[in-house]
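Novice: The structure under discussion is supplied below as structure tokens; questions concerning it will follow.
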Amino acid sequence: MRARLSFLLAGLLLTTGRGVADYPAPVEGDFVLKDFAFHAGGKLPELRLHYRTVGAPRRDAGGKVTNAVLIMHGTTGSGGGLIRPEFAGELFGPGQPLDAAKYFSVLPDGIGHGNSSKPSDGLHARFPHYGYRDMVEAQYRLLTEGLDVNHARLIMGTSMGGMHT
């Protein structure tokens with residue numbers, strides 16, 4: 001009986017919206033880096049980084065962003081994979097650790113992942129060799145040049161994203 005009641009309560013919470021993500025929908029965008037030079041020597045005239053943001057940037061009197069958070073994905077993932085109830089639903093809601101009303105969270109797709117530039121876009125084997133340093137530099141430039149973020153309050157990631165951190 002108790003197990004059935006727990007099951008019914010869980011179903012009720014999901015169908016009433018309680019327990020479902022209570023944070024603003026992510027905003028998606030693309031930032032194109034011109035003439036991107038890879039550390040291994042290759043170059044692309046345009047490197048596209050896709051990203052999602054949750055929340056809005058806030059600046060102090062001097063113009064410094066005070067609430068930016070960069071969250072990077074793991075090896076086989078993308079920033080979109082971090083917008084799931086078990087991750088975003090635990091972080092971005094009211095009163096949660098990265099409450100979207102307080103923080104500006106940026107979730108990029110790294111080079112070769114998600115909707116960012118990758119070999120399968122058409123260059124295949126001619127796509128420049130890339131590694132972690134290239135991915136980190138591109139994400140840094142997304143923040144500083146693309147989103148005008150001049151200060152990160154927190155940088156974190158899962159798996160490979162943790163190594164990038």
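Novice: Among the residues of segment 87-105, are any under 16 Å from residue 32 (Cβ atoms) and either surrounded by fewer than 18 Cβ atoms within 10 Å (Cβ to Cβ) or among the hydrophobic types (A, V, I, L, M, F, W, C) (or both)?
Specialist: no
Novice: Continuing with the same structure: Check every one of the strands (runs of 3 or more DSSP E) wholly within segment 42-159 and list those with 2 or more residues that are farther than 22 Å from residue 22 by Cβ and touching a Pro at 6+ places or on another chain (Cβ under 8 Å).
Specialist: Where strands (runs of 3 or more DSSP E) fall fully within segment 42-159 and carry at least 2 residues being farther than 22 Å from residue 22 by Cβ and touching a Pro at 6+ places or on another chain (Cβ under 8 Å), they are 43-54, 68-72.
Novice: In segment 120-146, which residue that is in contact (Cβ under 8 Å) with a residue 40 or more places away in the chain, under 26 Å from residue 61 (Cα atoms) and more than 13 Å from the chain's Cα centre (by Cα) is surrounded by the fewest Cβ atoms within 10 Å (Cβ to Cβ)?
Specialist: The qualifying residue surrounded by the fewest Cβ atoms within 10 Å (Cβ to Cβ) is 145.
Novice: Report, ordered by the first and then the second residue, all pairs with beta carbons closer than 7 Å, sequence separation of six or more or different chains, a first member in segment 79-108 that is basic (Lys, Arg), and a second member that is at pLDDT 95 or above.
Specialist: Listed pairs, sorted by first residue: 102/67.
Novice: If you don't mind, another one. Here is a list: 31, 38. Which entry is within 30 Å of residue 126 (Cα to Cα), aromatic (Phe, Trp, Tyr), at pLDDT 90 or above and in contact with a His (Cβ under 7 Å, 6 or more places away or on another chain)?
Specialist: Result: 38 is the single residue among 31, 38 that is within 30 Å of residue 126 (Cα to Cα), aromatic (Phe, Trp, Tyr), at pLDDT 90 or above and in contact with a His (Cβ under 7 Å, 6 or more places away or on another chain).
The values are calculated or read from the model by the stated rules, or taken from the named source; none is laboratory data. These numbers were taken from a predicted model, which means no experiment stands behind them. Cβ sites come from the backbone with ideal geometry, for glycine too, and all protein chains shown count toward neighbours.
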